[in-house]
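Asks: This is the structure I have questions about; it appears just below.
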Amino acid sequence: MCGVYLTNAIDSNGPDEKFLSRGPDHYQKYEFGDIKMSHCLLSLTGKFTPQPIEKNGIYMMFNGQIYNYDSSIHPSDGYFILDEYLNKGLNFWKNLDGEYSIVIYDSTKNIVLFCTDIFGTKPLYYSNDKDSISVASLITTLKNNSKPVVKCKPNTMYLFDLNTKKLQITENYYKFELTQNIDSFDTWNEKFIKSVDKRFSKLNHDIVLPLSSGHDSGAIACALEILGISFYSHSIYRHEHVKILSKRILRRLWNSPTKTRFRKDLQNIKQREKLLQDIKKNCDPFFYGPEIDSLDIDGQEDPGAIGLYYILESAKKSNSNIKIVASSQGGDEIYSSSQKYTFDKPNPSKFDQNLSDIFPWQNFFYGTQISYLSKEESIGGSFGLETRYPFLDKYLVQEYLNLSPSLKNKSWKSPLTNFLDTYKYPYKTGTKISGFNP
């Protein structure tokens with residue numbers, strides 16, 4: 001997890017402690033005339049690369065990870081992004097495979113460009129008036145500027161012209177293909193394993209997986225086992241299917257006894273109050289809602305947020321080398337035909353031949369997707385952890401969209417159910433898990 005901040009506002013106060021906690025390895029600040037750029041770094045792969053980085057008058061900083069850069073050509077993924085911009089201009093995103101938020105100051109054109117990835121896994125916020133633009137990873141950083149703060153839309157490109165002071169917004173820069181012509185889960189299985197592999201293999205740091213009795217975390221645990229990737233797991237039994245979770249934990253205890261943690265619940269009132277206080281003190285505010293302009297429900301008191309904070313705090317205390325979280329986010333929002341947690345527009349209950357009539361459903365980009373991603377990122381970032389999302393891999397999501405309606409409708413979370421069946425990983429047939437509420 002890194003933090004990015006750019007501004008040309010005169011009254012900027014700059015990053016605070018919440019910002020700096022996101023990137024504990026290095027903090028760097030530069031000023032280029034009226035432009036100020038700050039970056040705090042969590043260094044995970046490639047050469048240690050303080051940001052912003054510069055080439056030919058282009059200054060770039062980002063948060064996240066690019067999985068398809070060639071380390072024999074580029075010392076780190078940041079240089080790959082920079083070269084893609086130099087070669088492709090505004091189409092620089094086309095060859096990026098990863099989870100990211102990017103901020104570019106192009107001094108040759110006097111523009112500021114910023115965007116998140118397709119699903120907005122690494123949030124960005126901005127404030128803009130007639131003369132200035134400010135962009136940051138955190139709400140709190142921009143609230144210091146006393147201007148309205150706006151969350152960046154996923155799959156959207158923002159371009160601010162420093163000469164004209166105009167902000168141009170281009171939505172849906174990435175287009176999914178909606179033909180439903182694939183009649184086998186085999187390629188989905190392959191792409192899911194590849195999605196887990198690219199995110200969690202060959203790392204110098206340790207991984208933690210919040211493991212429940214549900215399909216989503218179970219599929220990730222199963223894929224990690226298939227790939228032989230070591231990981232820590234933390235589980236809380238309350239509201240879980242006891243028999244299924246116990247089977248999963250027994251597998252863990254047999255293979256990785258020192259990396260397996262579990263407990264009954266988090267129902268001690270004093271402990272919950274302490275966890276909630278710590279969330280409010282250490283985490284950037286995060287909000288839930290059905291659409292980008294109606295994120296007005298405070299997410300900090302969500303029981304799932306309290307449970308996640310406890311798990312990540314415990315993980316860091318047990319092993320300071322844990323730097324990466326394997327998140328199940330997106331499993332419900334993309335692959336479920338019966339999404340329990342939703343706002344005013346639930347997931348499609350059944351797919352027919354005309355996918356374009358229902359795509360994108362609310363939770364695909366917004367709703368619980370954008371809501372819960374903000375929770376994952378705010379809490380993970382407060383511990384200097386990077387959260388990665390194998391279910392939101394663009395190639396995996398595309399494969400799901402291309403499955404025939406009969407395969408999508410075959411069972412609850414049909415590709416995940418098939419995956420767990422194929423690799424004989426324990427799950428409860430036909431059960432819709434009630435959600436993480438420890």
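Asks: Can residue 374 be described as touching a residue at least 60 places away in the same chain (Cβ under 8 Å), out of contact with any helix residue (DSSP H, G or I) (no Cβ under 9 Å at 6 or more places or on another chain) and either closer than 20 Å to residue 2 by Cα or surrounded by 23 or more Cβ atoms within 10 Å (Cβ to Cβ) (or both)?
Replies: Yes, satisfied.
Asks: Which of the strands (runs of 3 or more DSSP E) found entirely inside the stretch 110-182 contain at least 2 residues meeting this: at pLDDT below 95 and under 26 Å from the mean Cα position of the chain (by Cα)?
Replies: 125-128, 133-136
Asks: Is it true that residue 306 is surrounded by 18 or more Cβ atoms within 10 Å (Cβ to Cβ) and among the β-branched types (Val, Ile, Thr)?
Replies: yes
One line per residue, one yes/no per condition, for (1) at pLDDT 95 or above; (2) outside any helix (DSSP H, G or I):
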| position | (1), (2) |
| --- | --- |
| 371 | yes, no |
| 375 | yes, no |
| 391 | yes, no |
| 397 | yes, no |
| 412 | no, yes |
| 416 | yes, no |
| 424 | yes, yes |
| 428 | no, yes |
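Asks: While we're looking at this one, here's another question. Consider the stretch 136-185. How many of its residues are under 16 Å from residue 292 (Cβ atoms) and either among the hydroxyl-bearing types (Ser, Thr, Tyr) or in contact (Cβ under 8 Å) with a residue 24 or more places away in the chain (or both)?
Replies: 14
Asks: Moving on. Out of 184, 132, which single residue is surrounded by 14 or more Cβ atoms within 10 Å (Cβ to Cβ) and among the hydroxyl-bearing types (Ser, Thr, Tyr)?
Replies: After applying the criteria, what remains is 132.
Asks: Moving to a separate point now. Would a scan of the stretch 198-214 turn up a residue that is of a type in the set (Ser, Thr, Tyr) and buried (at least 17 other Cβ atoms within 10 Å of the Cβ)?
Replies: For the stretch 198-214, residues of a type in the set (Ser, Thr, Tyr) and buried (at least 17 other Cβ atoms within 10 Å of the Cβ): present.
Asks: Are there any pairs with C-beta distances below 6 angstrom linking a residue in the stretch 27-38 that is under 12 Å from residue 4 (Cβ atoms) to a residue that is among the basic types (Lys, Arg), with the two at least 6 apart or on different chains, and if so which?
Replies: Once the first residue is under 12 Å from residue 4 (Cβ atoms) and sits in the stretch 27-38, its partners that are among the basic types (Lys, Arg) give 38/29.
Asks: Restrict the check to the stretch 80-99 and report whether at least one residue is of a type outside the set (D, E, K, R), farther than 21 Å from residue 122 by Cα and modelled with pLDDT under 95.
Replies: yes
Asks: Looking at (1) over 20 Å from the mean Cα position of the chain (by Cα); (2) in a strand (DSSP E or B); (3) among the small types (Gly, Ala, Ser), which is the one condition that is false for residue 72?
Replies: Result: residue 72 passes all but (2).
Asks: Between a first residue in the stretch 275-298 that is under 23 Å from residue 342 (Cα atoms) and a second residue that is among the aromatic types (Phe, Trp, Tyr) and outside any loop (DSSP other than H, G, I, E, B), which pairs have beta carbons less than 7 Å apart while being 6 or more apart in sequence or on different chains?
Replies: Pairs found: 295/287; 295/288; 296/287; 297/287; 297/288; 298/287.
Quick grid of which residues meet (1) surrounded by fewer than 20 Cβ atoms within 10 Å (Cβ to Cβ); (2) closer than 16 Å to residue 7 by Cβ:
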residue	(1), (2)
69	no, no
73	yes, no
87	yes, no
92	no, no
99	no, no
110	yes, yes
124	no, yes
147	yes, yes
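Asks: Against the definition (in a helix (DSSP H, G or I), buried (at least 16 other Cβ atoms within 10 Å of the Cβ) and not charged (D, E, K, R)), how does residue 364 come out, yes or no?
Replies: Yes; evaluated as a whole, the condition is true for this residue.
Asks: Suppose we filter the stretch 287-303 for residues that are within 20 Å of residue 387 (Cα to Cα), surrounded by fewer than 21 Cβ atoms within 10 Å (Cβ to Cβ) and among the small types (Gly, Ala, Ser); how many remain?
Replies: Of the residues in the stretch 287-303, 0 are within 20 Å of residue 387 (Cα to Cα), surrounded by fewer than 21 Cβ atoms within 10 Å (Cβ to Cβ) and among the small types (Gly, Ala, Ser).
Asks: Since residue 223 meets every condition but one in (1) assigned to a helix (DSSP H, G or I); (2) closer than 25 Å to residue 155 by Cβ, which condition does it not meet?
Replies: (2)
Asks: Go through the stretch 247-286 and report how many residues are closer than 30 Å to residue 171 by Cβ and surrounded by 18 or more Cβ atoms within 10 Å (Cβ to Cβ).
Replies: The number of residues fulfilling the criteria is 3.
The values are calculated or read from the model by the stated rules, or taken from the named source; none is laboratory data. As the structure is a computational prediction, the values presented were derived from the model and not from experiment. For neighbour counting, all protein chains shown are included, and Cβ atoms are generated from backbone atoms with ideal geometry for every residue, glycine included.
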